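K.L.:
Next up is a structure, given as structure tokens.
Computed from the coordinates by the stated procedures, all read-outs in this text should not be read as laboratory data. These figures come from a predicted structure and were not determined experimentally. Glycine gets a Cβ as well: all are built from the backbone with ideal geometry, and neighbour counts include every protein chain shown.
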């Protein structure tokens, strides 16, 4: 009887841990090269779905978000990008430089920068300006199909890549 009770209790704990893990984390496969060299097509990422439960996304966070409009192009429902501008930040791009609040930001993670002009815009409340690390081949906040990402559309933060 005692062994049966221990077995049942262990099974219940295992099931509860599995449910907790499934709700806290998600594994995705990257479907494009817009985040090179950070992550490339075919690699996998673990997302913390609880990363922003008690805090807001921060600049340089590598996030996954939904984009229903972008799905139409066949690129996928989930997008992975880096947060560049937070709510109330002023973002502008000229040449190969990105300015946030009138200061050039250091971006040693970028790949294939290309000259791009993006006139200064203020990031609205509860929205984020995101860019891919591979600027030449990234559809991101510079494009109308993505635009400024609503906080509610952010699924989580990438915490592990393989």
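K.L.:
What order do you get for 157, 121 when you list them from fewest to most C-beta neighbours inside 10 Å?
P.N.:
In order of increasing Cβ crowding within 10 Å: 121, 157.
K.L.:
Could you list 48, 34 so that the one with the fewest beta carbons within 10 Å of its beta carbon is first and the one with the most is last?
P.N.:
Least crowded to most crowded, the residues run 48, 34.
K.L.:
If I model a spin label as a point 7 Å beyond the Cα along the Cα-Cβ vector, how far apart are those points for residue 26 and residue 153 in nm?
P.N.:
1.4
K.L.:
Here's something else I'd like to know. Taking the chain as the reference, fit the longest principal axis to its C-alpha atoms, fit the long axis of helix 2-24 to the helix C-alpha atoms, and give the angle between the two in degrees, 0 to 90, nearest 10.
P.N.:
Once rounded, the angle reads 10 degrees.
K.L.:
Right, here's the next one. Give me the extension gain from residue 109 to residue 137: residue separation times 0.36 nm, minus the current Cα-Cα distance, reported in nm with one decimal.
P.N.:
8.6 nm
K.L.:
Per the helix-only calculation at 222 nm, which mean residue ellipticity applies to the chain, given -39500 (n - 2.57) for every DSSP H run of n ≥ 4 and division by its residues, nearest 500 deg cm²/dmol?
P.N.:
-5500 deg cm²/dmol, from helical runs alone.
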